[in-house]
Amino acid sequence: MGLREGLKWACVAGATVTCLLAPGAVQAEPTVLRIADYLPSGHFISTFMAEAWMDRVAELTNGEVVFDYFPGEQLGKAKDLLSLTQSGVVDVGLAAPSYITDKLPLSGVAELPAAFSNSCEGTLAYWGLVKPGGIIDQNELEPLGVRALFSLVLAPYQLYLAHAPIDGVNAVQGLKLRAPGGPKVLMTRRLGGVPVQMGAPEILESLSRGTIDGLFLSHSSIADYDLHHHLKYGTGDENFGSAVIMYVVNLDAWRDMPADIRKAFTQAGEEVVESSCKETDKDSIVSQKAIEDAGVTFVELTIEDRAAFRAVLAGVNQQWAEDLDQRGKPGTRVLQTFEGALERRSMQAARPGQ
């Protein structure tokens with residue numbers, strides 16, 4: 001049962017909280033909605049985001065809205081989940097900008113190399129851009145007919161290589177690196193590497209076969225996809241961009257929801273945005289230790305090497321913004337808004353208690 005049909009049916013039958021409050025209302029079966037993503041069952045994002053949000057919505061609606069969860073691309077590939085949500089096949093879907101840069105180019109701003117050192121810094125700055133009324137919501141999500149329910153910016157991506165040592169800014173020259181799309185493609189090319197576009201579920205096989213020589217990925221994702229057994233070197237605390245995880249709902253379906261259900265979705269979403277980034281930061285530390293224990297050598301870049309990387313990557317953000325500006329999209333404005341949000345959060349963190 002789709003979201004729009006399900007909620008209409010539920011209200012007629014008395015299944016929502018609002019309808020249950022009506023005199024003489026009869027208890028009916030809960031409304032069951034479909035939520036889908038591409039992550040394997042047990043992935044840290046599934047646990048911290050999708051499952052936490054579903055549980056909270058069920059709690060806030062007293063069990064009147066529950067979910068059928070389809071992880072691991074059961075209902076569609078990562079690149080198709082936005083379209084499936086727009087069409088109503090999926091009620092809530094994971095829209096990953098890196099897989100659909102043609103549809104969500106602006107939403108990928110947090111995937112650029114940026115001045116944040118953990119998930120919460122990036123997530124809380126980014127959420128203001130994609131939540132209802134934000135610059136990305138107004139210029140990208142709403143025109144596509146979807147609404148962000150909750151989002152996460154992963155802990156900063158690190159550089160991992162299967163064989164070659166990470167010995168400076170030229171370490172990836174000529175190497176094939178997995179790049180899901182958008183900013184990672186620009187970044188890989190700037191560093192002299194060869195971007196190979198593929199989804200996360202394909203990485204393990206590609207590494208084991210030698211199809212790729214390395215990748216940019218978070219510590220948690222390296223551990224969850226069991227990639228560390230095919231890697232030898234990694235950076236520990238750099239920022240080579242990140243990835244955005246965003247769960248969206250069809251906007252027409254949202255407008256058809258009873259007000260109490262919208263309130264529950266919104267409250268659960270706000271809570272999950274904050275809790276998931278905190279859990280992600282904790283998991284990143286644990287994952288890095290597990291990766292190191294498995295034999296991966298973490299390289300601490302010298303001051304000179306860090307400066308060299310920053311100099312090369314500085315042009316990535318500008319190129320990203322200018323490319324979008326030329327396409328008639330507010331790339332520069334979105335980048336400046338995100339950088340401003342990061343700066344404000346940094347200033348707030350430097351003044352605790354104020």
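Just so it is clear, none of the values below were taken in a lab; they were calculated from the coordinates. The shown structure was predicted, so the numbers you read here are calculated from the model rather than taken from an experiment. When we count neighbours, we look across all protein chains shown, and the Cβ atoms used for this are built from the backbone with ideal geometry, even at glycine.
Summary of values
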{"quantity": "Most fluctuating residue given options V90, V66, V312, as computed from a GNM of the chain linking Cα atoms under 10 Å", "calculated": "V312"}
{"quantity": "In Å, descending, principal axis extents of the Cα set of segment 32-95", "calculated": "33, 26, 15"}
{"quantity": "Residues in segment 178-207 reached by a label modelled at N170 [backbone nitrogen below 19 Å; 7 Å Cα→Cβ]", "calculated": "188-194"}
{"quantity": "Top positive-direction residue, dipole computed over the chain with Cβ charges, set F44, Q86, S117", "calculated": "Q86"}
{"quantity": "Karplus 3J(HN,Hα) series, Hz, for segment 57-74 with 6.51 cos²θ - 1.76 cosθ + 1.60 (x for Gly, Pro)", "calculated": "4, 4, 5, 5, 9, 6, x, 7, 10, 10, 10, 9, 9, 10, x, x, 6, 5"}
{"quantity": "Contact order normalised by residue count of segment 119-270, Cα under 8 Å, 6+ apart, percent", "calculated": "33 percent"}
{"quantity": "Amide hydrogen neighbours beyond the local backbone of Y157, cut-off 5 Å, H modeled", "calculated": "F240, G241, S242"}
{"quantity": "Diffusion constant of segment 187-288 at 4 °C, which comes from Stokes-Einstein with the Kirkwood Cα-pair radius and 1.567 mPa s, µm²/s", "calculated": "78 µm²/s"}
{"quantity": "Inter-label distance for S83 and K289, nm, one decimal - labels placed 7 Å from Cα along Cα-to-Cβ", "calculated": "4.4 nm"}
{"quantity": "Inter-label distance, nm, simple model (7 Å from Cα along the C-beta direction), L204/K103", "calculated": "2.6 nm"}
{"quantity": "Qualifying trypsin sites (Lys or Arg not before Pro) in segment 268-346, DSSP loop, other Cβ atoms within 10 Å at most 13", "calculated": "R327"}
{"quantity": "Computed E for A314/Q348 - FRET, C-beta separation, R0 35 angstrom, nearest 0.05", "calculated": "0.90"}
{"quantity": "Highest-fluctuation residue, A307, A58, A36 considered, GNM on the chain with Cα pairs under 10 Å", "calculated": "A307"}
{"quantity": "Principal axis box of the chain, alpha-carbon based, largest edge first, Å", "calculated": "73, 43, 39"}
{"quantity": "Interchain or long-range residues, amide H under 5 Å from V196's placed H", "calculated": "L177, R178, A179"}
{"quantity": "Mean-position separation - Cα centroids, segment 71-128 and segment 280-346, in angstrom", "calculated": "17 Å"}
{"quantity": "Isotropically averaged projected area of segment 275-345, using the convex hull of Cα atoms (one quarter of hull area), nm²", "calculated": "7.3 nm²"}
{"quantity": "Theoretical FRET efficiency, 1/(1+(r/R0)^6), r = Cβ-Cβ of T297 and V66, R0 41 Å, to 0.05", "calculated": "0.35"}
{"quantity": "DSSP-assigned coil residues among GluC sites (Glu not before Pro) in segment 266-314, each with at most 16 further Cβ atoms within 10 Å", "calculated": "E300"}
{"quantity": "Per-residue ³J(HN,Hα) for segment 290-301, Karplus 6.51 cos²θ - 1.76 cosθ + 1.60, θ = phi - 60°, Hz, x for Gly and Pro", "calculated": "5, 5, 5, 5, 7, x, 6, 8, 8, 9, 9, 5"}
{"quantity": "Amide H contacts under 5 Å for V146, placed H, 5+ residues apart", "calculated": "L251"}
{"quantity": "Hz values of 3J(HN,Hα) by residue in segment 314-323 - Karplus curve (6.51, -1.76, 1.60), Gly and Pro given as x", "calculated": "4, x, 5, 4, 5, 5, 4, 5, 5, 4"}
{"quantity": "Pairwise Lys count, the chain - Cα closer than 23 Å, eight or more residues apart or different chains", "calculated": "20"}
{"quantity": "The chain: relative contact order in percent, alpha carbon pairs under 8 Å with at least 6 residues between", "calculated": "22 percent"}
